[in-house]
Every structure is written in C-alpha cells, then in structure tokens.
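Nothing in this text is a laboratory measurement; each read-out follows from the coordinates by a stated rule. Everything numeric in this text was worked out from a predicted model, so none of it was measured. Don't worry about glycine lacking a Cβ; one is built from the backbone with ideal geometry, like all the others, and counts go over all protein chains shown.
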Amino acid sequence: MTKTKIEIDTEPIKLDALKVYLGKKNTTIEVELSRHLDALYSKNVPAIVREYIRSSLENKKNEGRSEAEEAPFNV
C-alpha cells in the first residue's frame, strides 16, 4: 500500500522537547501522530466508508499477490 506524507509546521524547540520525552516512553513522533491520525479517521469517517476502503485495500493487496504468484520464476 502506498502512503502519503503529511507535512506540518511547528516550532523547533517544541519538536526537540517532544522527541526527548517521547523517546523516554520508547516511542516516536511518527508513531504517535499515526495513532492519532487513525483515531481521527475512525471517529470522523463513517463505518460503511471505512469498510469499503478496507475491502478495496485488501482487494488491491490480493491482486498484487496473484500477479506475483503467476509471474515466472527466473533462476
């Protein structure tokens, strides 16, 4: 699955402090932002739409597998 990058602006001193204190909790900004983004998605996108997206992603994943399985094996 391809991913899209999100870019935000913040004060460097706040970012540095956040890195330090998240590091003490054995996590990162990227992990925490990803968790929060998933929570926003779950809260705001209707369940029927989330199910449609999940199914679409699974179908694409399975299509990729089928193509890889059918590809000739080169030695």
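Numbers below:
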quantity	calculated
Within the chain: Cβ-based charge dipole about Cα centre, in debye rounded to nearest 20 (Lys, Arg +1; Asp, Glu -1)	360 debye
Distance in nm between pseudo-label sites at Val31 and Val49 (7 Å out along the Cβ direction from Cα)	3.0 nm
Extreme residue, positive dipole direction of the chain, given options Val45, Thr4, Val20 (C-beta unit charges)	Val20
Highest-fluctuation residue, Glu11, Glu30, Glu63 considered, GNM on the chain with Cα pairs under 10 Å	Glu11
Sequence-distant lysines (8 or more away, or on other chains) whose Cα lies within less than 22 Å of Lys60	Lys3, Lys5
P(r), alpha carbons of the stretch 12-66 - 10 Å bins starting at zero, rounded %	20, 29, 26, 21, 4
